[in-house]
Amino acid sequence: MAAIASTAKTFRVAVVGVGLVGGEFIKQLLAFPAPSPFRLVSLSSSKSTLFQPDGLSVSATSWKDELAGSGRKPDLQALLRELSALVKPGQEVVLVDNTSSNDVAALYPQFLKFGVNVITPNKKAFSSELALYEQILAASLESGARFLNEATVGAGLPIISTLKDLVATGDKITKIEGVFSGTMSYIFNEFSTGKEGGPSFSSVVSVAREKGYTEPHPADDLNGADVARKLTIVSRFIPSLRSALPNGYQSVSTKSLVPAELEGINSGDEFIKRLPEFDAHFDRMRADAAAEGKVLRFAGVVDVQAGIIKADLEKYSVTHPFSTALGGSDNIIMFHTERYGARPLVVQGAGAGAAVTAMGVLSDLLKLV
Ligand SMILES: NC(=O)C1=CN([C@@H]2O[C@H](COP(=O)(O)OP(=O)(O)OC[C@H]3O[C@@H](n4cnc5c(N)ncnc54)[C@H](OP(=O)(O)O)[C@@H]3O)[C@@H](O)[C@H]2O)C=CC1
Ligand SMILES: N[C@@H](CC=O)C(=O)O
Ligand code: NA
């Protein structure tokens, strides 16, 4: 990692959520070369919390034990008070939310209102009711604190920053389309290659989960909600679509791949255990596509001109870029705009996984500096 030019400001960072992405984010933050402008002042898991206004004395090897042994239960309201009290001229305070929690997301307007910047890969706040999103925008405008959410779409890939730049410089977005889910990409890249047979659907879902691509509950990927959330997030950065989805992702037309019998299973482990019961159904879908010389891919589109925002499992020719260009957990996002004309601006690469997601979160933190 490259050192950055020294800055008079310090950035006090509180991390909520220390799972897969959170743990990797802490590792990358603590590896930041000296002189680092960042002071890690708080860590919270769902069970315990640490807070030290001048910076925690933790290392990459000690933080887990220190947090587990803190003896203090997490309390979001207390964290809000503690962080707000640290906001001063020359001293920025940042909440990094690495959870998928609605409760944490609902408090962003409060944190922002008190001058605490919010950085997160958590899609909830930006893809739910428009009212919450508007409260976030208003609170940020009022205090000047920023919210940055690059890792909510395409993990570390520069999707949000590209979109913001296109809009801010006056380009007109006509359509954004692509494969927005790392999990769905991995599953279908492995499962549906255009040939007869191959691994079972349940086995590739299981590997996607082991690789850390899925949401905490894999059904949130397979039911299309994760892609619908991403389409909502990008839509809200397009001026003409800003208010198009008052109920957020729930208004996006989406195909669910979750068998009806498995809907409502709250445990991810139980869901994965029962999925093999439905392998024959997915085998038939793969065979149908292969018989036409096609592959299955789960794609999303925001068609600004037609006013269509939708995600679906579709068949694509084996020569289509969604078949030839994608591997692993790759996302591919194509920005069709007035300036880019007939050849879209394309961003492609790993769209899920701890390392690339944490990098997207850390890169947002660097944008504050
Ligand atoms: N994995 C990926 O590739 C990507 C993930 N993301 C997003 O990143 C976020 C984190 O994902 P990931 O790390 O994979 O998920 P994990 O389930 O591994 O981590 C989430 C962590 O948040 C903790 N948590 C939940 N609620 C609270 C709370 N109120 N206070 C403190 N901690 C809490 C959970 O603890 P517990 O388990 O004890 O409940 C869990 O450890 C999600 O929003 C996800 O959508 C975005 C892009 C890519
Ligand atoms: N589960 C998501 C993680 C990133 O947002 C995905 O698979 O894309
Ligand atoms: Na991104």
I'd like the residue in the stretch 319-356 that is polar (S, T, N, Q) and touching a Phe, Trp or Tyr at 6+ places or on another chain (Cβ under 8 Å) and, out of all such residues, is nearest to P218 (Cα to Cα).
S329
Enumerate the helices (runs of 4 or more DSSP H) found wholly within the stretch 56-174, keeping only those where 1 or more residues are basic (K, R) and not assigned by the TED database to the domain that holds V41.
160-168
In the stretch 178-201, the residues that are out of contact with any helix residue (DSSP H, G or I) (no Cβ under 7 Å at 6 or more places or on another chain) and more than 16 Å from ligand 3 (Cβ to nearest atom):
F188, N189, T193, G197
Elements of type helices (runs of 4 or more DSSP H) contained in the stretch 274-369, each with 2 or more residues being of a type in the set (A, V, I, L, M, F, W, C) and free of Cβ contacts under 8 Å to residues at least 12 places away in the same chain:
279-291
Quick check on this structure: which one of A168, A225, A138, A145 is within 30 Å of I265 (Cβ to Cβ) and of a type outside the set (S, T, N, Q)?
A225
I'd like the full set of residues that are within 18 Å of S185 (Cβ to Cβ) and of a type in the set (S, T, Y), limited to the stretch 266-318.
Y316, S317
Yes or no: the stretch 28-45 includes at least one residue that is open to solvent by 50 Å² or more (accessible area, probe 1.4 Å), in contact with a Leu (Cβ under 9 Å, 6 or more places away or on another chain) and either farther than 30 Å from G154 by Cβ or part of a strand (DSSP E or B) (or both).
yes
The one condition in (1) away from ligand 2 (no atom under 16 Å from the Cβ); (2) touching a Ser or Thr at 6+ places or on another chain (Cβ under 8 Å); (3) among the charged types (D, E, K, R) that K230 fails to fulfil:
(1)
Could you please find all residues in the stretch 202-218 being crowded, with 24+ Cβ neighbours inside 10 Å and either within 16 Å of ligand 3 (Cβ to nearest atom) or over 18 Å from L326 (Cα atoms) (or both)?
Y213
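The values are calculated or read from the model by the stated rules, or taken from the named source; none is laboratory data. None of the values given here were measured: they were computed from a predicted structure. Glycine gets a Cβ as well: all are built from the backbone with ideal geometry, and neighbour counts include every protein chain shown. The protein model used for the area step is the full one, side chains on, heavy atoms only, and it has no ligands, DNA or RNA in it. Shrake-Rupley method; radii C 1.70, N 1.55, O 1.52, S 1.80 Å.
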